[in-house]
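Participant: Attaching a single structure in structure tokens format; questions to follow.
Rule-based calculations on the coordinates, nothing more; no lab input. This is a predicted model, so every value here is computed, not measured. Ideal geometry is used to build each Cβ from the backbone, glycine not excepted, and the neighbour counts take in all protein chains shown.
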Amino acid sequence: MPSSTANPNRMLLLSTLAFTVCFAAWMINGVLVTFLTNNGIFKWSATQTGWLLGAPVLMGSILRLPVGVLTDKYGGKWMMTILLLLGALPMYLLSMANSYGSFLLLSFAFGIAGSSFAAGVAYTTQWFPKERQGTALGIFAMGNVGAAATTFFAPRLLDTFTQGNTVPDGWRMLPQLYAAVLAATAVIFFLFTVNKRSGAVKSMAARLAPLKQTRVWRFGLYYFFVFGSFVALSQWLIPYYVNVYALSIVAAGMMTTAFSLPSGLVRMVGGLLSDKYGARIVLIRVFTVAIVCLVFLIPPRVEMHTPGQGIMAARPGVVEAITADQITVADPANPADKTVYPLRTADPMGIRFGIHHDEEGFLPMPFTSVWQDPQVQVGETVGKGQLLAKGTTHIYFQANKWIFTFLVFIIGAAMGIGGAAVFKLIPDYYPDDVGTVGGIVGVLGGLGGFAGPILFGMLLAATGVWTTCWLLLLVVAVACALWMRSVLRRMARHTPSRRMP
């Protein structure tokens, strides 16, 4: 079929389907590795787990630039088909892995599926005029829902394949199924798409020329946060829920879907908003919302006991009686002259972390209680200012899982909108280099997805605190917002009549 008679909407639909399948396969380790470690099938450390989560992301990221260039040269039909097939082979071989080394190597290999984004962006923009490219790319980027598909369905498939964890080796059927879907999608894409190559083919030096511009790296930093963090969290949230909230892997997958699903679905909204209001306005709103949510996510789920307000003798005397709620001290010279010191009783909350989460109730705010334990005995002579009862303060912050899930839902939606906004900027400023610039920005963004789980694992190992991941993301979000605002202020001050990047 000649490209002149091809339906752009059909090309967009098939590109989105292919990207969705690739993205679902790209994110499989978030579920699979968590299942394997939690069930003791493989004994991998937190750092090793971080590498397994990041390996496919790294491969998919570093290949985005060459894939974008090759797509501009040979066309999206060939590149997308090849990527689907190249991802299917190591995915199938993953089902035979029996060691950390083989699992890591094959994770790198099937990560090639992640580079499909660069191929899809270059291919999609060729079919639509500039005024519709933001919307078209937003629709294409909805393929991010592949992450939600994996976090939602993969835990259930594992439960089925392992017959409720009674047949542990059943996990090997999951990568086999994913490999089959990748191969089938490759056949469909090849049969029902056509190429539409742009005009002159540029030299490699010409294609890489945009790398000299700071704007490209700034776009990359934005995408490092809105996309890279999304990829990292799509995998990290499953072990997060399992460890922090003691959820099953199936329940953790459902909760993680609340983060990854909206990010994919709102990509089209992000494209529409960017077309209407401008990508820069959309991005600064995205960073602001993310920063606010991240601040509230940083306080960890915690329970601690610390010295509290005690009771000191107001005057000297002899301890006459000690009951559950008071201490009585009498004047030795006048036994009828007594001083009664009320005691605070034991903490009514008890030890909360020992209680099943469903029995904890809903405690959105930190809970604090104080009780006092006598430090004297009946008949003991005490002096003025002597400690009669030691105070203990119990502080408990539930970090309620429903509030937590709501906040990550908002962050996921904001990241989806922001991802579409970043890629709206690229064809605006580099209409003839969408594949190359999109590949460069995709590399930088994908590196966030690779580095995220590894850094999260290192911070967890160093501090023992799961919420350190939110602190790291907050630093990146603030850096993005500050850089964008400084550029906008500078451009508004010096060149108010020019379009600001």
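Participant: Work out the FRET efficiency for Lys276 and Thr463 from their Cβ-Cβ distance, taking R0 = 25 Å, and round it to the nearest 0.05.
Facilitator: For R0 = 25 Å, the calculated efficiency reads 0.05.
Participant: What ranking of Tyr277, Tyr178 emerges when the number of other C-beta atoms within 10 Å of each C-beta is taken as an exposure proxy, fewest first?
Facilitator: So the residues, fewest neighbours to most, are Tyr277, Tyr178.
Participant: Using alpha carbons only, how many degrees (0 to 90, rounded to 10) separate the axis of helix 173-192 from the longest principal axis of the chain?
Facilitator: That works out to roughly 30 degrees.
Participant: Sorted by average packing, counted as other Cβ atoms within 10 angstrom per residue and highest first, what order do 98-106, 257-265 take?
Facilitator: With the highest mean Cβ count within 10 Å placed first, the list reads 257-265, 98-106.
Participant: While we're on this one: For Trp402 and Gln176, what does the FRET efficiency come to when R0 = 51 Å and r is the distance between their Cβ atoms, rounded to the nearest 0.05?
Facilitator: 0.90
Participant: May I ask you to order 368-381, 394-407 by the average number of other C-beta atoms within 10 Å around their residues, highest value first?
Facilitator: Put in order of decreasing packing, that is 394-407, 368-381.
Participant: Okay, moving on. Pairs Lys43/Lys77; Lys212/Lys424; Lys338/Lys390; Lys130/Lys401: which are spaced more than 31 Å apart, C-alpha to C-alpha?
Facilitator: Among Lys43/Lys77; Lys212/Lys424; Lys338/Lys390; Lys130/Lys401, the Cα-Cα distance tops 31 Å for Lys43/Lys77; Lys130/Lys401.
Participant: I'd like the distance separating the alpha-carbon centroids of segment 35-101 and segment 399-426, in whole Å.
Facilitator: 24 Å
Participant: For a paramagnetic label modelled at 7 Å from the Cα of Val340 toward its Cβ, which residues of segment 300-324 fall within the zone defined by backbone nitrogen distances under 20 Å?
Facilitator: 311-324
Participant: Subtract the Cα-Cα distance of Arg489 and Val292 from 0.36 nm times their separation in residues, and report this length gain in nm to one decimal.
Facilitator: Separation in residues times 0.36 nm, less the Cα-Cα distance, equals 68.7 nm.
Participant: Then there is this: At 0.36 nm per residue, and after removing the present C-alpha to C-alpha distance, how many nm does the segment from Ser45 to Glu380 gain when stretched out fully?
Facilitator: 115.1 nm
Participant: While we're looking at this one, here's another question. Express the relative contact order of the chain as a whole percentage, based on alpha carbon pairs under 8 Å and six or more residues apart in sequence.
Facilitator: 25 percent
Participant: What label, among [x] 111, 66, 32; [y] 65, 58, 45; [z] 102, 84, 35, belongs to Cα extents along the principal axes in Å computed from the structure on display?
Facilitator: Only one option fits the structure, namely [x].
Participant: Label point 7 Å out from Phe367 along Cα-to-Cβ: which residues of segment 385-422 have amide N under 14 Å?
Facilitator: It comes to 394-401, nothing else.
Participant: Still on this structure, please answer the following. Put a dot 7 Å past each Cα toward the Cβ at Leu471 and Leu387; how far apart are the dots in nm?
Facilitator: Roughly 3.0 nm, to one decimal.
Participant: How much FRET efficiency would the formula 1/(1 + (r/R0)^6) give for Asn98 and Arg156, where r is the Cβ-Cβ distance and R0 is 22 Å, rounded to 0.05?
Facilitator: 0.35
Participant: Then there is this: What ranking do 437-447, 278-288, 28-38 get when scored by the average of other Cβ atoms within 10 Å per residue, highest first?
Facilitator: Highest-to-lowest ranking by the protection proxy: 437-447, 28-38, 278-288.
Participant: Another one. So, in Å, what gap is there between the alpha-carbon centers of segment 478-492 and segment 127-153?
Facilitator: Here the two parts' Cα centres lie 27 Å apart.
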